[in-house]
Amino acid sequence: MKRPLKVLIAKAGLDGHERGALVVAMGLRDAGMEVVYTGIRNTPEQIIAAAIQEDVDVIGLSSLSGGHMAQFRRVMELLKKERVKGVLVFAGGIIPDDDVKKLKKLGIKEVFGPGSTIAAIAEFITKSQR
Amino acid sequence: MKMRDNELTKLVTRLESGGPLPTELYRRTGNARILGITGPPGVGKSSLIDRLIDNLRRQDKTVGVIAIDPTSPISGGALLGDRLRMQRHSEDEGVFIRSLATRHHHGGVTDSTSQIVHALDAAGFDIVIVETVGTGQDEVEVAEVADTVVVVLMPELGDEIQRAKSGLMEIADVLVINKADLFNAHAPATGPHYSALKWERPTIHTSAKSGEGITTLCGAMDVHHAYLVHSGKLAERRARAVRAEVTRLLQSRMAASILCALEGPQAQTILTDVAKRKLDPYDAVEKLTKEILGSQKRSSKHAATSTRRQTKKRRKTRR
Ligand SMILES: Nc1nc2c(ncn2[C@@H]2O[C@H](COP(=O)(O)OP(=O)(O)O)[C@@H](O)[C@H]2O)c(=O)[nH]1
Ligand SMILES: [Mg+2]
């Protein structure tokens, strides 16, 4: 039996808004994925440790606070350092266009803004990982 | 010695998908203490485990955690929310946490729980904790895996949970009433009283929020372990666990052979004969049993050689 896609949804940084991330986590569960939700205020180190121990296929990072550049960059650095391979990383939240370009250069495959639907996110994941 | 997380995590994934545990790893198991934490959803199992990890790490013990949440029967997906409560331990080298979805297995754990417990045991963790789904009365399989079963409840549970409780109580070695902070339930903890021969189940009031009662709980689990060792019950329990595990594996192997045999041409003929009333269902079962046992012999030989080949290959790639 092929296992369902396993996704880590985490919020980096210090902001405490978790509504959006939780909605995505529940939406992806309803799309048939196994979603590990680690809540708010994760350090990049915790996110990577969780991604390794959970052996996820996908990491979804959320940020609404504006602290995303430094945090997400660190996540991508650690992924390389820890030799985690084949993991798709996407981001969501309120992120200015300029930063979206920079994030994609870092290896973040897609950035979903506030109006994005769960269906679009689920489809993106399924297409990229299968 | 601790296996690198990267290596261990891939092994766990293979086991989760029904892959076999390499023989050389199984030989290294039997050293970890295995704790089962069960009880209805929302009572604070994950939060308590977070506190237990604190306590155990202060004693310099390494901890592996398997945390199980239910697979949705509708979507086949799952929201694995246990890790959220323990996430602050993620970076600790001495802690490994893995969340698992039940994937429709009933019984409170997953198909692969025993194998994954072995993997963490072989990887050298001193303590392996299994958190069950804990939704119903018949979810008592954790008792076939754990040395010590802790049942967690909280005051003022509804009727439904009262019923679930009765099944759980039978497997409880230690009873915990959590959320003492909310309900003013600061009743003194009872026990644990034990002699080498008799264990009296203690009831311990805790608050995962304030940390109250956690030291008492850890003490009770230690005393239970000592009781198991001195009374000879540990060996007894583990023998039972082995029997249960082999039984489960055997059943799933047999179930697979049955499904396989039913697809074959011989079975089709037999089924057609039953439909035409030339054979009755009991004769059909008689015939099919012979057929299945015959193919079992052939396929098990084949399976044994191919597993050995895989193990060899893995050894090579690891070097
Ligand atoms: N007030 C209080 N809340 C608690 C306590 N333990 C857990 N909780 C809360 O109860 C909810 C469920 O806890 P969780 O550990 O996920 O329960 P589980 O489903 O049994 O694993 C969470 O909101 C916790 O913060 C406690 O001792 N006191
Ligand atoms: Mg839990």
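The values are calculated or read from the model by the stated rules, or taken from the named source; none is laboratory data. As the structure is a computational prediction, the values presented were derived from the model and not from experiment. Every residue, glycine among them, receives a Cβ derived from its backbone with ideal geometry; neighbour counts consider all protein chains shown.
Could you please let me know if residue B:131 is acidic (Asp, Glu) and in contact with a helix residue (DSSP H, G or I) (Cβ under 6 Å, 6 or more places away or on another chain)? Judged against the criteria, residue B:131 is a match.
Within segment B:208-218, the only residue that satisfies the criterion of being within 16 Å of ligand 2 (Cβ to nearest atom) and either crowded, with 17+ Cβ neighbours inside 10 Å or under 17 Å from residue B:129 (Cβ atoms) (or both) is B:208.
Scanning segment B:93-128 for residues being farther than 21 Å from residue B:17 by Cα and in contact with a helix residue (DSSP H, G or I) (Cβ under 7 Å, 6 or more places away or on another chain) gives a total of 3.
For segment B:11-23, residues that are in a helix (DSSP H, G or I) and free of Cβ contacts under 8 Å to residues at least 24 places away in the same chain total 2. When residue B:59 is tested against the conditions (1) within 15 Å of ligand 1 (Cβ to nearest atom); (2) surrounded by fewer than 24 Cβ atoms within 10 Å (Cβ to Cβ); (3) over 22 Å from residue B:171 (Cα atoms), the lone failure is (1).
Each residue in segment B:34-49 was checked for being more than 6 Å from ligand 1 (Cβ to nearest atom) and among the hydroxyl-bearing types (Ser, Thr, Tyr), and 1 of them qualify. For residue B:103, are the conditions met, namely being within 13 Å of ligand 2 (Cβ to nearest atom) and among the charged types (D, E, K, R)? When the stated conditions are applied, residue B:103 does not pass them.
For segment B:77-86, state whether one or more residues are away from chain A (no Cβ under 14 Å) and within 30 Å of residue A:78 (Cβ to Cβ).
First, the residues of segment B:77-86 that are away from chain A (no Cβ under 14 Å): none.
The answer is no; no qualifying residue exists.
Residues in segment A:79-89 include none that are within 14 Å of chain B (Cβ to nearest Cβ), farther than 21 Å from residue A:126 by Cβ and within 12 Å of the chain's Cα centre (by Cα).
Can residue B:70 be described as in contact with a Gly (Cβ under 6 Å, 6 or more places away or on another chain) and either modelled with pLDDT of 95 or more or within 16 Å of ligand 2 (Cβ to nearest atom) (or both)? When the stated conditions are applied, residue B:70 does not pass them. Pairs meeting the criteria (first residue in segment B:219-248 and surrounded by fewer than 17 Cβ atoms within 10 Å (Cβ to Cβ), second residue at pLDDT below 95 and assigned to a helix (DSSP H, G or I), beta carbons under 6 Å, at least 6 apart or on different chains) are B:244/B:144.
Listed by position, the helices (runs of 4 or more DSSP H) inside segment A:1-102 whose residues that are over 15 Å from residue B:87 (Cα atoms) and among the aromatic types (Phe, Trp, Tyr) number at least 2 form an empty set.
Can you confirm whether residue B:4 is farther than 22 Å from residue B:143 by Cα, within 16 Å of ligand 1 (Cβ to nearest atom), modelled with pLDDT under 95 and within 14 Å of chain A (Cβ to nearest Cβ)?
Against the criterion (farther than 22 Å from residue B:143 by Cα, within 16 Å of ligand 1 (Cβ to nearest atom), modelled with pLDDT under 95 and within 14 Å of chain A (Cβ to nearest Cβ)), residue B:4 does not qualify.
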